[in-house]
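Down below is the structure, laid out as structure tokens.
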Amino acid sequence: MLDFLGASQNVLFSAAIVLMLLIGIVQAIGFAPVDHGFDADLDSDLLSWLGVGRVPLLVFLVLYLACFGLAGLIGQQLSHDWLGALQPLWIAAPAAAVVALPATALAVRAVGAVIPQDHTTAIPVDDLIGRAATIQVGRATPGSPARARVVDHFGQAHHLMVEPDNPGQTFEEGEAVLLVRREGETFRAITRGDHRLPTL
């Protein structure tokens with residue numbers, strides 16, 4: 001068996017299996033994140049057929065390496081049994097690469113069905129513009145922002161620095177304001193009236 005796996009005609013397939021196992025081990029002990037996407041157009045027929053986007057990039061890579069390595073080794077074993085010789089790599093490797101594509105597509109669909117999908121409530125910070133905020137700490141004047149709290153449409157609270165958009169305006173603690181624009185890390189706001197909201 002070791003002679004077969006270490007044969008020069010099989011070294012690429014054996015290396016793919018070893019690399020797949022190493023990636024799996026590294027991932028299992030937590031040294032590598034799996035949440036990497038593809039910077040590719042997912043509308044592509046080939047990418048869609050392969051299942052790109054259904055699983056994280058590292059999982060896709062592991063599945064392809066496994067399919068490529070197994071396709072090559074199985075193909076070489078069949079060649080040895082039927083033809084009495086192993087095929088040279090320049091024949092076996094492209095054949096295994098082609099066979100691995102549909103095999104990977106099937107594996108991705110099977111794995112994607114059982115892997116929990118990530119759902120994020122993260123939003124771009126500019127999406128907070130137009131929402132109401134409450135001054136929490138400090139007194140906001142032009143050029144001197146105060147800390148405010150705003151809740152996004154997911155119900156997540158964000159704390160940010162706010163200052164009045166209009167000259168001469170002042171916001172006190174507990175005052176409700178409306179975020180109208182952002183300059184760097186500071187939001188500009190206008191008053192929503194002279195009523196106050198409870199400080200949370």
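Annotations for the structure displayed:
- Selection count where residues are more than 21 Å from VAL18 (Cβ to Cβ) and part of a helix (DSSP H, G or I), scope the range 81-100: 6
- Matching residues, the range 98-116, being touching a helix residue (DSSP H, G or I) at 6+ places or on another chain (Cβ under 6 Å) and surrounded by fewer than 21 Cβ atoms within 10 Å (Cβ to Cβ): VAL99, ALA103, ALA105, ALA107
- The set of residues in the range 122-168 being in a strand (DSSP E or B) and in contact with a helix residue (DSSP H, G or I) (Cβ under 9 Å, 6 or more places away or on another chain) consists of VAL150, HIS158, LEU160.
Where a number appears in this text, it was derived from the coordinates with a stated rule and is not lab data. These figures come from a predicted structure and were not determined experimentally. Don't worry about glycine lacking a Cβ; one is built from the backbone with ideal geometry, like all the others, and counts go over all protein chains shown.
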